[in-house]
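Colleague: Next up is a structure, given as structure tokens.
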Amino acid sequence: MKFIDLRSDTVTMPTDEMRQAIANAEVGDDVYQDDPTVNRLEKLAAEKVGKEAALFVPSGTFGNQLAIITHTKRGQEVIVGKDNHIVLHEVGASAVIAGVQLRTLETANGVMSPKDVLNSIRPDDIHEPETGLICVENAHGCGAVVPLNILREIKEIAKSHSIPVHMDGARIFNAAVSLGVDAKEIAACCDSVMFCLSKGLAAPAGSMLAGSKEFIGRARKYRKLMGGGMRQIGILAAAGIIALEKMTGRLHEDHKNAKYLAEELSKLPGVNVMRDRLDIDMVFFEMGEDVIKESVLIEKLYEKNIKVSGAEAGEYRFVTHIGVSKQDIDYVINCMKELM
């Protein structure tokens with residue numbers, strides 16, 4: 001039974017080409033760095049974002065936390081936007097794994113003010129923690145992208161204080177499409193970057209952490225410490241290669257469908273689409289319980305083979321991806337009209 005799944009772009013299924021590549025993948029023991037398929041993926045990933053080296057990791061959260069523990073010392077402080085994924089959706093891992101505290105800043109649609117970043121860097125004071133890292137996110141989970149001039153300014157501030165910058169670039173290729181630039185230009189604004197192979201790129205699992213050779217060398221050891229030595233993972237890397245070589249080139253289709261979905265949703269009575277956060281493949285909108293109860297919406301759409309998530313902080317999020325066509329969107333809209 002086919003479902004139209006709008007919950008996230010993580011629900012994408014591997015393509016037939018990926019499944020074939022998985023079946024035929026040449027593998028080895030990646031802990032010994034002798035899995036040729038993983039080695040090829042890591043080289044490709046580093047080239048894609050203009051870094052010296054890259055490392056395959058199980059997930060985006062793993063990659064972000066690996067970056068934090070590799071960049072910082074215990075007891076240091078990390079400057080990060082208060083609505084970044086690292087803060088909201090990574091289970092407080094920074095405190096548990098790296099032993100650091102987060103200094104969260106206000107953002108405007110995911111964008112930290114460079115002035116606020118500068119003012120948040122700790123002075124050399126016996127009473128205060130040392131600022132060890134600045135974290136940015138692009139594209140941001142709120143559906144917006146961060147302008148390059150902001151990222152460059154933050155990077156300059158960090159450089160002047162000898163502080164590294166890590167980017168949660170889970171959807172960096174979506175950000176690149178939206179900004180009309182190569183992903184390398186975005187990644188140039190940070191010392192390390194994590195990006196996902198399973199968010200919109202249809203790989204079944206895995207993310208990449210990229211940076212300097214020295215940084216990735218240290219991260220490889222911490223990956224082992226965190227339980228990320230996964231042995232014959234060429235079967236996953238094979239799908240990741242296709243994700244980077246082919247699937248990044250079709251993301252503009254998802255963006256186009258998201259804008260179409262936003263337009264159609266905005267025509268429904270009682271629906272307020274967040275139009276200032278329509279940069280990538282996400283559509284956020286408000287719809288009160290007086291229009292339709294959340295539980296009824298989820299249940300009745302599911303009965304029509306449509307999967308959606310409930311509202312978070314009063315907002316619904318529908319996400320387009322390779323598994324959602326324009327015809328699917330029309331069907332979803334018609335079903336919502338019937339229910340409303």
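Throughout, read-outs are computed from the coordinates displayed, never taken from laboratory work. Just so it is clear, the structure is predicted and the values come from calculations on it, not from any experiment. Backbone-built Cβ (ideal geometry, glycine too); neighbour counts: all protein chains shown.
Colleague: So how long is each side of segment 33-125 along the principal axes, counting just the alpha-carbon atoms, biggest first, in Å?
Modeller: Ordered largest first, segment 33-125 gives principal extents of 46, 28, 27 Å.
Colleague: Could you tell me the center-to-center distance, by alpha carbons, between segment 306-340 and segment 217-254 in angstrom?
Modeller: 29 Å
Colleague: Working out 0.36 nm times the residue gap between Glu106 and Leu148, then minus their Cα-Cα distance, what length gain in nm do you get to one decimal? Numbers along the way, then the final one.
Modeller: Working: separation 42, 0.36 × 42 = 15.12 nm, distance 1.87 nm.
Additional length available on full extension: 13.3 nm.
Colleague: Please compute the contact order of the chain in relative form: average sequence separation of alpha-carbon pairs under 8 Å and at least six residues apart, divided by the residue count, as a percent. Don't jump to the answer; show the numbers that get you there.
Modeller: Details: 660 pairs, mean separation 85.3, N = 340.
Here the relative contact order equals 25 percent.
Colleague: While we're here: How do the peptides 102-111, 200-209 rank, highest first, by the average count of neighbouring beta carbon atoms within 10 Å per residue? Numbers along the way, then the final one.
Modeller: Values: 102-111: 17.2, 200-209: 24.9.
So the peptides 102-111, 200-209, ranked by packing, come out 200-209, 102-111.
Colleague: Past the 25 Å Cα-Cα mark, which pairs from Lys2/Lys48; Lys199/Lys300; Lys82/Lys155?
Modeller: Details: Lys2/Lys48 34 Å; Lys199/Lys300 27 Å; Lys82/Lys155 19 Å.
Among Lys2/Lys48; Lys199/Lys300; Lys82/Lys155, the Cα-Cα distance tops 25 Å for Lys2/Lys48; Lys199/Lys300.
Colleague: Roughly how many Å is it from the Cα centre of segment 187-202 to that of segment 59-90, as a whole number?
Modeller: 14 Å
Colleague: Quickly rank 232-241, 295-304 as a protection proxy: mean count of other C-beta atoms within 10 Å, highest first.
Modeller: Averaged packing, sorted descending, gives the order 232-241, 295-304.
Colleague: For a quick check: with amide H placed at 1.01 Å from N, whose amide H comes under 5 Å from Lys307's, ignoring anything fewer than 5 positions away on the same chain?
Modeller: So Lys307 has HN proximity to Ile4, Asp5, Leu6.
Colleague: In 10 Å bins starting at 0, how do the alpha-carbon pair distances of segment 256-340 split up by percent?
Modeller: 17, 59, 24, 0
Colleague: May I ask which residue of Val308, Val49, Val319 lies farthest towards the positive end of the charge dipole of the chain, with charges of +1 (Lys, Arg) and -1 (Asp, Glu) on Cβ and the Cα centre as origin?
Modeller: Val49
Colleague: Can you give the charge dipole size of segment 295-340 about its Cα centre, rounded to the nearest 20 debye, using +1 on the beta carbon of Lys and Arg and -1 on the beta carbon of Asp and Glu?
Modeller: On the way: 6 positive and 7 negative charges, 18 e Å.
Dipole about the Cα centre, nearest 20: 80 debye.
Colleague: Please report, largest first and rounded to whole Å, the three semi-axes of the ellipsoid equivalent to segment 16-248, where each semi-axis is the square root of five times an eigenvalue of the C-alpha gyration tensor. Mind dumping the intermediate values first?
Modeller: On the way: eigenvalues 177, 78, 40 Å².
Computed over segment 16-248, the values are 30, 20, 14 Å.
Colleague: Taking the Cα centroid of segment 106-162 and of segment 262-288, what is the distance between the two, rounded to the nearest whole Å?
Modeller: 29 Å
Colleague: R0 = 30 Å: FRET efficiency of Lys159 with His252, Cβ-based, nearest 0.05? Write down the numbers at each step before the final one.
Modeller: On the way: r = 33 Å, r/R0 = 1.09.
Computed FRET efficiency for Lys159 and His252: 0.35.
Colleague: Just to be sure I understand the curve: with the Debye formula and one point per C-alpha of segment 208-300, what is log10 I(q)/I(0) at q = 0.11, 0.12, 0.17, 0.23 Å⁻¹?
Modeller: Debye output, listed in q order: -0.64, -0.71, -0.87, -1.15.
Colleague: While we're here: Calculate for the chain the 222 nm mean residue ellipticity that helices alone would give, adding -39,500 (n - 2.57) per DSSP H run of length 4 or more and normalising by residue count, nearest 500 deg cm²/dmol. Could you put the intermediate results ahead of the total?
Modeller: Numbers: 13 runs with 136 residues, N = 340.
Result for the chain, helices only: -12000 deg cm²/dmol.
Colleague: Moving on. Around Cys189, what is the net charge, scoring Lys/Arg as +1 and Asp/Glu as -1 over all other residues with Cβ under 15 Å from its Cβ? Before the final figure, lay out each step's value.
Modeller: On the way: positive: Lys51, Arg152, Lys155, Lys159, Lys184; negative: Glu137, Glu153, Glu156, Asp168, Asp182, Glu185, Asp191.
In short, -2.
Colleague: Estimate the FRET efficiency between Asn39 and Arg7 by the formula 1/(1 + (r/R0)^6), using the beta-carbon distance for r and 30 Å for R0, to the nearest 0.05. Mind dumping the intermediate values first?
Modeller: Numbers: r = 34 Å, r/R0 = 1.13.
Here the calculated transfer efficiency is 0.35.
Colleague: So which trypsin sites (Lys or Arg not before Pro) in segment 1-74 pass both tests, a DSSP loop state and at most 10 other Cβ atoms within 10 Å of the Cβ? Could you put the intermediate results ahead of the total?
Modeller: Details: sites: Lys2, Arg7, Arg19, Arg40, Lys43, Lys48, Lys51, Lys73, Arg74; in loops: Lys2, Arg7, Lys51, Lys73, Arg74.
Sparse-neighbourhood loop trypsin sites (Lys or Arg not before Pro): Lys2, Arg74.
Colleague: Also, I was wondering about something else. Taking θ as phi - 60°, what are the ³J(HN,Hα) couplings along segment 62-68 by the Karplus curve (6.51, -1.76, 1.60), each to the nearest whole Hz, with x for Gly and Pro?
Modeller: Computed from phi, the couplings for segment 62-68 are 4, x, 5, 5, 5, 4, 5 Hz.
Colleague: Going toward the positive end of the dipole of the chain, with +1 on Lys and Arg Cβ and -1 on Asp and Glu Cβ, which of Ala239, Gly75, Cys335 do you reach last?
Modeller: Value computed over the given set: Ala239.
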